[in-house]
Amino acid sequence: MKTKLSLQQVNDLSPNEFHQIFINVIECWSEGAIYVSALVPFKNFDRLIESFHRYLDQLSIENKLKILRLHPDLAGKLADDDLLTDESKYEQSCAGLDLLTAENKLKMNELNYKYKQKFSFPFVICVRENSKFEAILKGISERIDNEVQQEIEIGIGEVKKICRLRILEIVDYSK
């Protein structure tokens, strides 16, 4: 386990160091780290997290869609081919998505396909907050009936949860 940064260490990072450390707190979207690095110093860790969340909120619909489209399918082809980012691999394994039975994998893939056909982006859920396969299936089954605009906002809300947990993997929130 790597050592987490204190708030002082975060505030002392150069912009380049900040980018490198926080580059994937928003899946494959380094622009978030670039934007937030300009807001250093942070009074506390909540401000750091809020800065990433505010960044996501102010994005255009087109950029929100781009971010959602960067997320991998849950238990999908990227996982099968071992091409997930380290963060996504860890998160999907926390939910046991790397250990699904063939039947459950088929269910997940069918729902992923239906969801993606309707919305043109993958189903995004913070699996670490929904770590049971049944809860994830329930989430996708319920959300597939949403309107596109509603699902974009829900998806970005899930991205915020993922972002927060990824930041907490980097920083020592207790100090």
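The values are calculated or read from the model by the stated rules, or taken from the named source; none is laboratory data. In this text, all values refer to a predicted model and were calculated from it rather than measured experimentally. Counting neighbours? That spans all protein chains shown, and the Cβs are built from the backbone with ideal geometry, glycine included. The accessibility values were calculated without ligands, DNA or RNA, using every heavy atom of the protein model including side chains. Shrake-Rupley method; radii C 1.70, N 1.55, O 1.52, S 1.80 Å.
Couple of notes before you dig in:
- For the criterion of being in contact with a Lys or Arg (Cβ under 8 Å, 6 or more places away or on another chain) and free of Cβ contacts under 8 Å to residues at least 60 places away in the same chain, residue 75 passes.
The rows are residues; the columns are (1) over 18 Å from residue 70 (Cα atoms); (2) open to solvent by less than 30 Å² (accessible area, probe 1.4 Å); (3) basic (Lys, Arg).
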| residue | (1), (2), (3) |
| --- | --- |
| 94 | yes, no, no |
| 108 | yes, yes, no |
| 124 | no, yes, no |
| 129 | yes, no, no |
| 133 | yes, yes, no |
| 150 | yes, no, no |
| 155 | no, yes, no |
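Here is a yes/no grid of residues against (1) without any contact (Cβ under 8 Å) to a residue 24 or more places away in the chain; (2) closer than 15 Å to residue 160 by Cα:
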site: 25; (1), (2): no, yes
site: 39; (1), (2): yes, no
site: 42; (1), (2): no, no
site: 49; (1), (2): no, yes
site: 62; (1), (2): yes, no
site: 65; (1), (2): no, yes
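- So residue 48, is it within 24 Å of residue 157 (Cβ to Cβ), assigned to a loop (DSSP other than H, G, I, E, B) and in contact with a helix residue (DSSP H, G or I) (Cβ under 8 Å, 6 or more places away or on another chain): no
- If you go through region 14-28 and keep only what is open to solvent by 30 Å² or more (accessible area, probe 1.4 Å) and either assigned by the TED database to the domain that holds residue 83 or in a loop (DSSP other than H, G, I, E, B) (or both), you end up with 14, 23, 28.
- Residue in region 154-169 that is closer than 20 Å to residue 36 by Cβ, part of a loop (DSSP other than H, G, I, E, B) and touching a helix residue (DSSP H, G or I) at 6+ places or on another chain (Cβ under 6 Å) present: no
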